[in-house]
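Note sheet for the following structure.
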Amino acid sequence: MKKLGFGGMRLPLNNPEDPRDFDFPQLFSMVDSFLEQGFTYFDTAYMYHKYQSETAFRKALVERYPRDRYLLADKLPLSHLKQAEDMERYFNEQLEKCGVTYFDYYLLHNMTRTYYKTAAQLDAFSFIKEKKAQGKARRIGMSFHADAELLDQILTEHPELEFVQLQLNYIDWESPNIQSRLCYEVCLKHKKDVIVMEPVKGGTLANVPQEAEQLMRAYAPDSSPASWAIRFAASKEAVIMVLSGMSDHSQLLDNTSYMREFIPLNQEETDIIHKATDIINSSIAVPCTGCGYCLEGCPKNIAIPQYFALYNQFKQFGEKSNSRYYYGNYKDTHGRAGDCIGCRKCETICPQHLPISETMKTLSGLFDEKSQ
Ligand code: SF4
Ligand code: SF4
């Protein structure tokens, strides 16, 4: 199995403001090109693209290729479960939306301390085990967004999990928040396969500061910054798959060019990554991946990931970034940073554990006044 997976969270769109408005001709050709090159793994989830990622893959993949040409991963939405019966209902709905009779990989989605309680109360672990016994989920695991201590506890209590999907990238490797390295080491201890999500950290590592990119280009002029990030993740021995959310054909061609015949990073390349990490860390204001999970519960309809992206641009490029101008564009359709009431609903769901409400105060001071 080649180590690059097609992520279903950032599919190509006609209108970037409408996550359901898929650019199907482009998606079809991306799926074709991916399969032609020998890649097979596709990853989706119930909530991606405002609940339409699964149907997009049905149209672009399932209805156009025989079932044995690809592997499909989907996830049980722990955040949506209220009672035990919900699990069967969501699972059947997912099979139907995807147009398949089984999933190759099925995960408990977004495991955190809060959702571990939900999963334990509703016995979601037995549910996916049963799906495996029925042949409706070939391999079972979870996507994990908490600390290494909890991961160790869950894998000890639930040895039936066969793999863990982890956020793993070179910026988060030593992060005390995300704990990529520590979580990876727990997976090694429990002998679990690792699937990597966010190897490029929501695109952050595809657009690194100039100084970091110069280091990379000096060593390998034709290799994109994204290639360094994906190869870093794929070089870890327990990693069986690296998911990339490819939003257009050029990104797909770039990813597949170095993952077709994957070569792990050598020592010199690893040293360059360490230097780039220091440079990037000093330029990021908010390590938001743009997943958008926080948007759903915000009572003030604040464009949280968009504002964080503007803040990061502002920190890197100052007034030249035009961040204030773009921020002003949002005010007719979204709440401003200053409208935040500090309810922290967003923070309970943010997989990056970001102090969103506090950061809104900083953002308000920076943008609200000057973008009237
Ligand atoms: S804390 Fe602020 S940004 Fe977060 S959900 Fe509440 S109002 Fe929205
Ligand atoms: S703030 Fe958190 S939940 Fe919201 S988009 Fe960023 S990483 Fe995702």
What pairs from Lys3/Lys236; Lys300/Lys331; Lys275/Lys361; Lys131/Lys192 go past 22 Å between their alpha carbons?
Lys275/Lys361
Starting from the 7 Å offset along Cα-to-Cβ, what nm value, one decimal, do you get for the label separation of Asn266 and Asn322?
4.2
Can you tell me which of 215-227, 177-189 comes out highest on packing, and rank the rest after it, using the mean Cβ neighbours within 10 Å?
177-189, 215-227
Base-10 log of normalised Debye intensity for the range 193-253 (one unit scatterer per alpha-carbon) at q = 0.24, 0.25, 0.28, 0.29 Å⁻¹:
-1.04, -1.09, -1.20, -1.23
For Thr333, placing the label point 7 angstrom along Cα-to-beta-carbon and taking the range 1-31, residues whose amide nitrogen sits under 14 Å are 14-21
Taking r as the C-beta separation of Ala220 and Lys345 and R0 as 56 Å, the FRET efficiency to the nearest 0.05 is 0.80
What is the fewest-to-most order of Leu155, Leu76 by other Cβ atoms lying within 10 Å of their Cβ?
Leu155, Leu76
Show which aspartates and glutamates lie in cross-link reach of Lys201 when reach means a straight Cα distance below 13 angstrom and same-chain residues fewer than eight apart are skipped.
Asp172
For the chain, give me every cysteine whose Cβ has no other Cys Cβ within less than 4.7 Å, ordered by residue number.
Cys98, Cys183, Cys187, Cys288, Cys291, Cys298, Cys340, Cys343, Cys350
Where only alpha carbons of the range 204-358 are counted, the Rg and the Dmax (Å)
17.9, 51
Using a Förster distance of 45 angstrom, determine the FRET efficiency expected from the C-beta separation of Asn301 and Ala120, and round it to 0.05.
0.85
Solution diffusion estimate, µm²/s, Stokes-Einstein, the chain, Kirkwood Rh from C-alpha pairs, 20 °C, viscosity 1.002 mPa s
100
Any GluC sites (Glu not before Pro) in the range 42-103 that lie in a DSSP loop and have at most 10 other Cβ atoms within 10 Å would be Glu63
Ascending count of other beta-carbon atoms within 10 Å, so fewest first, for Asp21, Asp172
Asp21, Asp172
Per the helix-only model, the chain has a calculated mean residue ellipticity at 222 nm (DSSP H runs of ≥4, -39500 (n - 2.57) each, divided over all residues, rounded to the nearest 500) of -12500 deg cm²/dmol
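Every number here is computed from the coordinates shown, using simple stated rules; none is lab data. As the structure is a prediction and not an experimental result, all values here were calculated from the model. Positions of Cβ are backbone-derived with ideal geometry, glycine not excepted, and every protein chain shown enters the neighbour counts.
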